[in-house]
1. What is the residue count in the stretch 17-32 for residues that are modelled with pLDDT under 95 and either surrounded by 14 or more Cβ atoms within 10 Å (Cβ to Cβ) or assigned to a loop (DSSP other than H, G, I, E, B) (or both)?
2. Give me the residue from the stretch 40-55 that is surrounded by 13 or more Cβ atoms within 10 Å (Cβ to Cβ) and not polar (S, T, N, Q) and, out of that set, farthest from VAL26 (Cα to Cα).
3. If a residue has to be part of a strand (DSSP E or B) and either of a type in the set (A, V, I, L, M) or within 14 Å of GLY58 (Cα to Cα) (or both) to count, how many in the stretch 1-16 make the cut?
4. Of ILE35, ILE13, which residue is of a type outside the set (D, E, K, R) and in contact (Cβ under 8 Å) with a residue 40 or more places away in the chain?
5. Given the criteria touching a helix residue (DSSP H, G or I) at 6+ places or on another chain (Cβ under 7 Å) and among the basic types (Lys, Arg), does LYS16 qualify?
Amino acid sequence: MIPSAPTFRKIVILLKDEEGKPTDKVEYEDSAMVITGNYVLITEEKRVSFSDPSEIKGDVYELKNIHSYKLLKD
């Protein structure tokens, strides 16, 4: 995860098409989100077991492609 980024229990992003209408919904659980410039960065950490290293997956979205987002803390 991004060390200084706030973490959320769930992040829901609603993407939009060229006309500005909502299209796809993307959900992340136990993730960190940062909005920087014209981009949204989301990292999601998955730990399989304590003996194995965790896997960190990240996605980048352009702000102009996002219709709306919802952040759920707890």
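1. So the count comes out to 9.
2. Ranking the candidates gives GLU45 first.
3. Of the residues in that region, 6 qualify.
4. Just a single option satisfies the conditions, and that option is ILE13.
5. Yes.
The values are calculated or read from the model by the stated rules, or taken from the named source; none is laboratory data. Remember, it's a predicted structure, so these values are computed and weren't measured experimentally. For neighbour counting, all protein chains shown are included, and Cβ atoms are generated from backbone atoms with ideal geometry for every residue, glycine included.
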